[in-house]
Amino acid sequence: MNSIIPTRGQAIDLFRKYNKSESLYRHALAVEGVMRYMARKNGEDEEKWGIIGLIHDLDYEMYPDQHCTMTEKILRENNWPEEYVRAVLSHGWGLVTDVRPETLLEKTIFAVDELTGLVATSALVRPTKSVLDMEARSVRKKWNDKRFAAGVDRSVIEKGADMLGVPLDELITDCIMGMREVAEEIGLKGTL
């Protein structure tokens with residue numbers, strides 16, 4: 001059967017079918033925003049990158065013990081292109097899959113997934129509760145405090161930056177810039 005090129009609307013519908021959590025949906029929108037930003041920065045397909053960012057945690061709420069495995073099954077059942085399936089699987093490399101990020105798209109989703117969580121948490125402890133006035137140094141201040149955003153694996157972010165060949169501060173800045181574009185949708189517009 002031929003694969004379909006999914007639209008953003010189809011991706012949202014599929015995500016919502018398997019996820020009821022608003023915080024997980026905001027995370028999906030944050031990763032989508034960063035992926036779109038990074039696609040533009042690198043002259044890549046913004047729609048494709050955004051959709052992969054949006055759908056990457058498709059199975060996380062309903063099947064946390066089968067994370068990525070069920071997403072692969074669901075995407076294949078819905079005739080998604082192999083490139084999309086592989087990119088989604090690569091974001092879990094070394095954690096829940098053995099699909100090593102190879103392309104720029106795959107390395108980017110791997111690098112920014114965890115980072116969006118750290119940026120969001122860092123924004124929420126700021127007086128403005130916003131990403132709109134945040135800089136990389138705000139995130140770096142919290143970097144070594146392992147109790148802060150304890151669920152965020154900093155080594156994955158560092159590995160992602162290395163794979164992309166960019167300094168960590170540049171990756172953090174890019175992540176913030178992408179999240180600024182969707183600040184209202186992800187609840188991080190704050191009170192500027």
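Criterion first (at pLDDT 95 or above, assigned to a helix (DSSP H, G or I) and among the charged types (D, E, K, R)) does Arg100 satisfy it?
no
Looking at Ile4 and the list (1) hydrophobic (A, V, I, L, M, F, W, C); (2) in a helix (DSSP H, G or I); (3) more than 14 Å from Val88 (Cβ to Cβ), which single condition is not satisfied?
(2)
Answer yes or no as to whether Ser90 is over 16 Å from Arg180 (Cα atoms) and in contact with a Pro (Cβ under 8 Å, 6 or more places away or on another chain).
Against the criterion (over 16 Å from Arg180 (Cα atoms) and in contact with a Pro (Cβ under 8 Å, 6 or more places away or on another chain)), Ser90 qualifies.
If I filter segment 156-192 down to residues being among the small types (Gly, Ala, Ser) and within 22 Å of Lys41 (Cα to Cα), which single residue comes out as surrounded by the fewest Cβ atoms within 10 Å (Cβ to Cβ)?
Gly165
If a residue has to be crowded, with 20+ Cβ neighbours inside 10 Å and more than 15 Å from Ala11 (Cβ to Cβ) to count, how many in segment 73-90 make the cut?
2
Just give me the residues in segment 112-155 being small (Gly, Ala, Ser), assigned to a loop (DSSP other than H, G, I, E, B) and either loosely packed, with under 14 Cβ neighbours inside 10 Å or more than 19 Å from the chain's Cα centre (by Cα) (or both), in sequence order.
Within segment 112-155, Ala150, Gly151 meet the criteria.
Count, please, the residues in segment 32-82 that happen to be assigned to a helix (DSSP H, G or I), farther than 21 Å from Glu185 by Cα and without any contact (Cβ under 8 Å) to a residue 24 or more places away in the chain.
Selection size over segment 32-82: 10.
Any residue that is at pLDDT 95 or above, among the aromatic types (Phe, Trp, Tyr) and over 15 Å from the mean Cα position of the chain (by Cα) - is there at least one of those in segment 37-56?
The answer is no, given that none of the residues of segment 37-56 is at pLDDT 95 or above, among the aromatic types (Phe, Trp, Tyr) and over 15 Å from the mean Cα position of the chain (by Cα).
Looking at segment 103-114, can you tell me whether even one residue there is modelled with pLDDT of 95 or more and within 16 Å of Val182 (Cα to Cα)?
yes
Please list, ordered by first then second residue, the pairs with beta carbon atoms under 7 Å, 6 or more apart or interchain, first in segment 176-192 and of a type in the set (Gly, Ala, Ser), second in a loop (DSSP other than H, G, I, E, B).
Ala183/Ser130; Ala183/Val131; Ala183/Leu132; Ala183/Lys189; Gly190/Thr128; Gly190/Lys129; Gly190/Ser130; Gly190/Leu132
The values are calculated or read from the model by the stated rules, or taken from the named source; none is laboratory data. From a predicted model like this one, the values you see are computed outputs, not experimental measurements. Here the Cβ is made from the backbone with ideal geometry for all residues, glycine too, and neighbour counts use every protein chain on show.
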